[in-house]
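S.K.: One structure follows; several queries about it will come next.
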2 protein chains.
Amino acid sequence: MALKAIFFDIDDCLFPSTRFAELARRNAVNAMVEAGLKGEPERVYGTLLKVIKKCGSNYECHFDVLLEEMRVKRDAKIIAAGISAYHNTKTSILPFPEVPRTLVKLRELGYKLYVASEGNAVKQWDKLIRMGIYLLFDDVFVSEEIGCEKSPYFFAKILKKLKLKASEAVMVGDRIDKDVASAKKAGIFTVRVIQEGKFTREKAVRKEEKADCVIKNVGELQKALKAIERKSRK
Amino acid sequence: MALKAIFFDIDDCLFPSTRFAELARRNAVNAMVEAGLKGEPERVYGTLLKVIKKCGSNYECHFDVLLEEMRVKRDAKIIAAGISAYHNTKTSILPFPEVPRTLVKLRELGYKLYVASEGNAVKQWDKLIRMGIYLLFDDVFVSEEIGCEKSPYFFAKILKKLKLKASEAVMVGDRIDKDVASAKKAGIFTVRVIQEGKFTREKAVRKEEKADCVIKNVGELQKALKAIERKSRK
């Protein structure tokens, strides 16, 4: 077997993060309106998206800023209603249905499985723990702890740490820039998952943006790995 | 009816907060040990209590400091395991069993019900929302928003806001200092609940610390109110 290690992105690869984020935010808006926030839910949701864009998605006080933007006096009841509905949704995340059995199968086949993710390490770990799949990975690498964003250098550092050659590894993810282009520049094979989420419609134009395989979901990964191994033997 | 308004404390009065806090922390410790933290759970729990005492219970990064105290390198997996177990417990809080029906009954009898609580407004609202009892209160007053701790002045401000005489109100809570002594100094009747929690063993010594009634749980409140009304007519 030429390929030894498979790196997985988390968001919109192992679980529908875009969908859950939207649901969590809509549930939060509905709960805030129910708790007394004056406004049409669709408009409030639009304002919330602007706030998230302005403050960044990891900012802790989106709902406080939302009320400021709507010129509503800070109201602990409304904010608490939003936070509680948001977290109730966010804490019930599930992986895409084919993910757990595929990970188990790939381990049986002898592959080492890793997470290679961008973001806050505790938040990314929290997702793996809540989905109940963290034990299926041999190790987890998050940009915050590696010390750089998901760049070619990020992958080079991980390969060195794992004493792997680039040609022994595959990166699986949904983003052209972070998952495909960065891994490709580090010499790693790439599989792009186009299932659902913000980045599914992005088109790979330049050669360095084109993944070795494109799949509809992680359930098709075994087939993709075979294709890559065939190609790499030539 | 002489009495018009009943003020309720939240923690260890409407729900067993001490018990939930202990359970949440123990679950967090067990999850961290399961996630790889080296240590005997009982000892780790002891260290965590020291950290909470040092940093205050509203501090956001107890588990980070816990690892520092244990001289363990920061590990996102261990911290995420702790946070996730902690929140899973904390978000499943339930009121004491007799609380919802008692609140409904007291409303039927014509009393206005209020929360008078010390702490962070969003956190206290979050508890009321999660327990599903917030609609049973006519209003909620939290020290953070009133602008002072639960002192005689805190109660005086609320009475003024509600246009109530002190003799028309009763404060129900577990703490001698915050719930009994402060309310009594403001001229409000007091009922102390000795059910469970950190403050049940505190002994009222001086006259100003002694509540008009002491009850075993909120289910006995109706009887206590009748006794107070009889006494106040004399």
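S.K.: Do the conditions hold for residue B:180, that is, is it within 11 Å of another protein chain (Cβ to nearest Cβ), closer than 16 Å to residue B:11 by Cβ and of a type in the set (Val, Ile, Thr)?
M.R.: Numbers: within 11 Å of another protein chain (Cβ to nearest Cβ): no; closer than 16 Å to residue B:11 by Cβ: yes; of a type in the set (Val, Ile, Thr): yes.
It is false that residue B:180 is within 11 Å of another protein chain (Cβ to nearest Cβ), closer than 16 Å to residue B:11 by Cβ and of a type in the set (Val, Ile, Thr).
S.K.: Just to verify a result, which residue in region B:10-27, among those that are in contact (Cβ under 8 Å) with a residue 60 or more places away in the chain and more than 26 Å from residue B:103 (Cα to Cα), is surrounded by the fewest Cβ atoms within 10 Å (Cβ to Cβ)?
M.R.: For region B:10-27, the residue satisfying everything is B:23.
S.K.: Find the residue count for region B:108-124, including only residues that are among the β-branched types (Val, Ile, Thr) and surrounded by fewer than 22 Cβ atoms within 10 Å (Cβ to Cβ).
M.R.: 0
S.K.: Oh, and also: Restricting to region B:125-136, name every residue that is surrounded by 19 or more Cβ atoms within 10 Å (Cβ to Cβ), more than 7 Å from chain A (Cβ to nearest Cβ), under 21 Å from residue A:64 (Cβ atoms) and of a type outside the set (Lys, Arg).
M.R.: B:128
S.K.: Shifting gears a bit: When you go through (1) away from chain B (no Cβ under 14 Å); (2) closer than 29 Å to residue A:3 by Cβ; (3) in contact (Cβ under 8 Å) with a residue 24 or more places away in the chain one by one for residue A:39, which number turns out not to apply?
M.R.: (2)
S.K.: Can you report the number of residues in region B:32-46 which are surrounded by fewer than 14 Cβ atoms within 10 Å (Cβ to Cβ) and either closer than 19 Å to residue A:129 by Cβ or of a type in the set (D, E, K, R) (or both)?
M.R.: 6
S.K.: Out of the residues in region B:72-117 that are closer than 30 Å to residue B:173 by Cα and of a type in the set (Val, Ile, Thr), which is farthest from the other protein chains (Cβ to nearest Cβ)?
M.R.: So the residue we want is B:102.
S.K.: Restrict the check to region B:183-201 and report whether at least one residue is in contact (Cβ under 8 Å) with a residue 60 or more places away in the chain, among the aliphatic types (A, V, I, L, M), touching a strand residue (DSSP E or B) at 6+ places or on another chain (Cβ under 8 Å) and over 16 Å from residue B:218 (Cα atoms).
M.R.: Yes, region B:183-201 has at least one match.
S.K.: Can you go through B:179, B:174, B:139 and tell me which one is modelled with pLDDT of 95 or more, of a type in the set (Asp, Glu) and surrounded by fewer than 17 Cβ atoms within 10 Å (Cβ to Cβ)?
M.R.: Result: B:139 is the single residue among B:179, B:174, B:139 that is modelled with pLDDT of 95 or more, of a type in the set (Asp, Glu) and surrounded by fewer than 17 Cβ atoms within 10 Å (Cβ to Cβ).
S.K.: Moving to a separate point now. So is residue B:164 over 16 Å from the mean Cα position of the chain (by Cα), assigned to a loop (DSSP other than H, G, I, E, B) and hydrophobic (A, V, I, L, M, F, W, C) or not? I'd like the intermediate steps shown before the answer.
M.R.: Details: over 16 Å from the mean Cα position of the chain (by Cα): yes; assigned to a loop (DSSP other than H, G, I, E, B): yes; hydrophobic (A, V, I, L, M, F, W, C): yes.
Answer is yes for this residue.
S.K.: In region A:192-218, how many are exposed (fewer than 15 other Cβ atoms within 10 Å of the Cβ) and of a type in the set (Gly, Ala, Ser)?
M.R.: Looking only at that region, the number is 1.
S.K.: If we keep just the residues of region B:59-71 that are facing another protein chain (nearest Cβ under 10 Å) and modelled with pLDDT of 95 or more, which is nearest to residue A:142 (Cα to Cα)?
M.R.: So the residue we want is B:64.
S.K.: Taking the residues in region B:138-157 that are farther than 22 Å from residue A:79 by Cα, assigned to a helix (DSSP H, G or I) and not charged (D, E, K, R) as candidates, determine which candidate is farthest from the other protein chains (Cβ to nearest Cβ).
M.R.: Once the filter is applied, the top-ranked residue is B:152.
S.K.: From the list B:61, B:55, exactly one residue is free of Cβ contacts under 8 Å to residues at least 12 places away in the same chain, surrounded by 15 or more Cβ atoms within 10 Å (Cβ to Cβ) and not aliphatic (A, V, I, L, M). Which is it?
M.R.: After applying the criteria, what remains is B:55.
S.K.: In addition: Go through region A:26-137 and tell me which helices (runs of 4 or more DSSP H), entirely inside it, have 1 or more residues that are within 18 Å of the chain's Cα centre (by Cα).
M.R.: A:41-55, A:76-90, A:99-108, A:121-131
The values are calculated or read from the model by the stated rules, or taken from the named source; none is laboratory data. None of the values given here were measured: they were computed from a predicted structure. Glycine gets a Cβ as well: all are built from the backbone with ideal geometry, and neighbour counts include every protein chain shown.
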